[in-house]
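The values are calculated or read from the model by the stated rules, or taken from the named source; none is laboratory data. These numbers were taken from a predicted model, which means no experiment stands behind them. FYI the Cβ positions are ideal-geometry reconstructions off the backbone, even for glycines, and counts take in every protein chain you see. Each accessible area value is taken on the protein alone, full model and side chains, heavy atoms only, with ligands, DNA and RNA left out. Shrake-Rupley method; radii C 1.70, N 1.55, O 1.52, S 1.80 Å.
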Amino acid sequence: MKLWVTKGCGADLQQIADRYHISLIFAEVLVKRGLYNWKDMDEYLFDDMMQLPAASEMYGLICAAELIWQKINEKKKIQVVGDYDVDGVMSAFILCRGLERLGADVSSRIPHRQKDGYGIRTYMVEDAFAGGVDTIITCDNGISAMDAVKKAKELGLTVILTDHHEVPRSDVGEELPPADVIVDPKQERDNYPFRELCGAGIAFKLISYLYEKNSHKEWAEELLPFAAMATVCDVVPLVGENRSIVKRGLEKIKTTDNPGLRALIEQSQFQKEITARDFGFRLGPCVNAPGRLQDATLGFSLFMEKNEEKARKKAENLIELNVERKEITRVAVEEAIQYIEQQGLSKVLVVYMPSCHESVAGIVAGRLREKYYRPVYLVTDSGDHLKGSGRSIPGYHMQQELLACREYLTEFGGHSMAAGFSLPKDNLDSLREALLSHCSLSENDLTEKVYYDKEVSLADLDVALAEQLGWLEPTGEKNPSAVFAKRDAEIFSVRMCGKDMSTAQIRFRENGKQYQAVNFRGEDGVGKAVAKRYGQSAWDELKSGAGGGKYKIDILFSCEINDKYGSLQLRIIDCQ
């Protein structure tokens, strides 16, 4: 069972409510987002009041822009090297389309997930040199590409490195590749006030600066939706400048004139205004799918496409690939669950699935982490060796745990919550034993904590509050939607619906008034909660249309406006 957690609030909520003409509940939600003064609240609620840092404040950015402009004027060939995920694709698109508009002779290279792996490689540099390229610009990669950058400099190429990842370190400090210019706010010498931009965010800052210096500041607006989608999909904190990028990108996407983006939206058949959640769960996965199953350049070429009909066909292809990816993932998750149930639960799960498509290993590991709430290492066959992808929980630093077991690994990398690695086939059992013996997680660590803002009565909720809660958007990492708790909520009726009848439409009742709610994991959510309190027969009775008013459960939920009817709706997050 998950542990529900909240924190106190000592602020003068009435003063906040009076200043912004909002409810006391919403005032408390704002404070619990870490907004402790008027300046922070003003900037959070009113994007036009936010003072974004100037691009020129980022270390190396002016130098990079001047060098790029010099290469454009000299008619030198420029190649952009991106990455195969959404951030890498969008970074490459922003740079290529931006430089193209400035008259650059620019090409691109997006690494292949299986053939190339992550980041720029020495052979890519050699290929660029053979093709007459003068300047390489990396995006969303490069800060750890020491060998590739050294090779480029040996061949006389100019290298402009843009990245957002942590800088590799040794005992003597940072280890920076010998690029001509490095733009990465994670460098110690960089005093840029917001260090959490994704790769596309940094690419956007660079192109925006070039546009501004060439009297075309307004051109940057067309690139905002791409920076916004990458920001959401790369799961960087959705606060400060990132939140501003996403907010402005969502506004601009309504009028985008990019044929590829328009086609993807049209083929996705949106029936409502696009939200940050749609970036993460509908549009973004379509851009990601080619990089998982075929080649990430398919997503990149969609946005570079200028012909409407070709764009439509490319968008259809991406959506089909995503459908295929989802089915591959579904099958793999089911097989992995079966494997775990047979092997039994341990504090750390090392799941060997030789038939799993390695490109979805990270997704499957994430799903297993959510189901069992413990660190998961999913290992797949990759020819003559094994590859693995890990997803973690708070309190278990995955990269450090792999470091402690490095004697069994060929290579590894990552951070606290995710990692990738490879190893000889004969080392799998030894790695599993080492990871288990080194793990120090307690039972408390293995209890998932779910945070909520406030315990309420249903009578506290109305459409006006739901509209105010909408001001939190765009929500995401480090800026979650508001979550409320209601104890002993009386169930009036239940109706199962959806393709596989897995969604529960629920009506709760309080003081004679009914409140509509939806639980998309009906059997695993409200169903298990009712069965645990009252027995399976109680849940069966409710599903049959009877039993209204007899059963109560505790619920965690978000409060929203139903898109179809414009009425208040509760979205159930957890039940007990």
Would you mind finding the one in ASP184, ASP171, ASP190, ASP147 that is touching a helix residue (DSSP H, G or I) at 6+ places or on another chain (Cβ under 7 Å) and of a type in the set (Asp, Glu)?
ASP147
Quick one: what pairs do we get from region 360-379, first residue touching a residue at least 24 places away in the same chain (Cβ under 8 Å), second open to solvent by 10 Å² or more (accessible area, probe 1.4 Å) and of a type in the set (Asp, Glu), C-beta under 6 Å, 6+ apart or different chains?
TYR373/GLU448
Would a scan of region 255-266 turn up a residue that is without any contact (Cβ under 8 Å) to a residue 24 or more places away in the chain and either out of contact with any His (no Cβ under 7 Å at 6 or more places or on another chain) or more than 19 Å from ASP87 (Cβ to Cβ) (or both)?
yes
Helices (runs of 4 or more DSSP H) wholly in region 224-273 with at least 1 residues that are open to solvent by 10 Å² or more (accessible area, probe 1.4 Å) and acidic (Asp, Glu) - which ones?
240-253, 259-267
Among the residues of region 142-191, write down those that are at pLDDT 95 or above, closer than 22 Å to MET90 by Cβ and polar (S, T, N, Q).
THR162
Are any of the residues in region 83-102 surrounded by fewer than 24 Cβ atoms within 10 Å (Cβ to Cβ), in contact with a Ser or Thr (Cβ under 8 Å, 6 or more places away or on another chain) and under 29 Å from VAL232 (Cα atoms)?
no
Residue ranges of helices (runs of 4 or more DSSP H) in region 5-52 with at least 3 members of a type outside the set (A, V, I, L, M), open to solvent by 40 Å² or more (accessible area, probe 1.4 Å) and without any contact (Cβ under 8 Å) to a residue 60 or more places away in the chain
13-20, 38-45
Which residues, taken from region 232-249, are modelled with pLDDT of 95 or more and over 19 Å from TRP471 (Cα atoms)?
CYS233
Name every residue in region 522-555 that is under 38 Å from the mean Cα position of the chain (by Cα) and of a type in the set (S, T, N, Q), in order of residue number.
GLN536
Please work out if ARG325 is assigned to a helix (DSSP H, G or I), out of contact with any strand residue (DSSP E or B) (no Cβ under 8 Å at 6 or more places or on another chain) and open to solvent by 50 Å² or more (accessible area, probe 1.4 Å).
no
From the list ALA336, ALA365, ALA332, ALA361, which one is open to solvent by less than 20 Å² (accessible area, probe 1.4 Å), more than 25 Å from HIS438 (Cα to Cα) and not aromatic (Phe, Trp, Tyr)?
ALA332
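If you scan region 466-519, which residues turn out to be of a type in the set (Gly, Ala, Ser) and either over 25 Å from GLY548 (Cα atoms) or at pLDDT 95 or above (or both)? Walk me through how you get there before you give the answer.
Residues of region 466-519 that are of a type in the set (Gly, Ala, Ser), as a first pass: 466, 470, 476, 481-482, 485, 489, 493, 498, 502, 504, 512, 517.
Of everything in region 466-519, those that are of a type in the set (Gly, Ala, Ser) and either over 25 Å from GLY548 (Cα atoms) or at pLDDT 95 or above (or both) turn out to be ALA466, GLY470, GLY476, SER481, ALA482, ALA485, ALA489, SER493, ALA504, ALA517.
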Considering only region 158-205, how many residues are open to solvent by less than 20 Å² (accessible area, probe 1.4 Å), in a loop (DSSP other than H, G, I, E, B) and either free of Cβ contacts under 8 Å to residues at least 24 places away in the same chain or of a type in the set (S, T, N, Q) (or both)?
1
Could you tell me whether region 350-357 includes any residue that is in contact (Cβ under 8 Å) with a residue 60 or more places away in the chain and more than 22 Å from ASP426 (Cα to Cα)?
no
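Quick grid of which residues meet (1) touching a Cys at 6+ places or on another chain (Cβ under 9 Å); (2) of a type in the set (Phe, Trp, Tyr); (3) part of a helix (DSSP H, G or I); (4) within 22 Å of PRO290 (Cβ to Cβ):
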{"position": "LYS75", "(1), (2), (3), (4)": "no, no, no, no"}
{"position": "LYS115", "(1), (2), (3), (4)": "no, no, no, yes"}
{"position": "TYR118", "(1), (2), (3), (4)": "no, yes, no, yes"}
{"position": "GLY156", "(1), (2), (3), (4)": "no, no, no, no"}
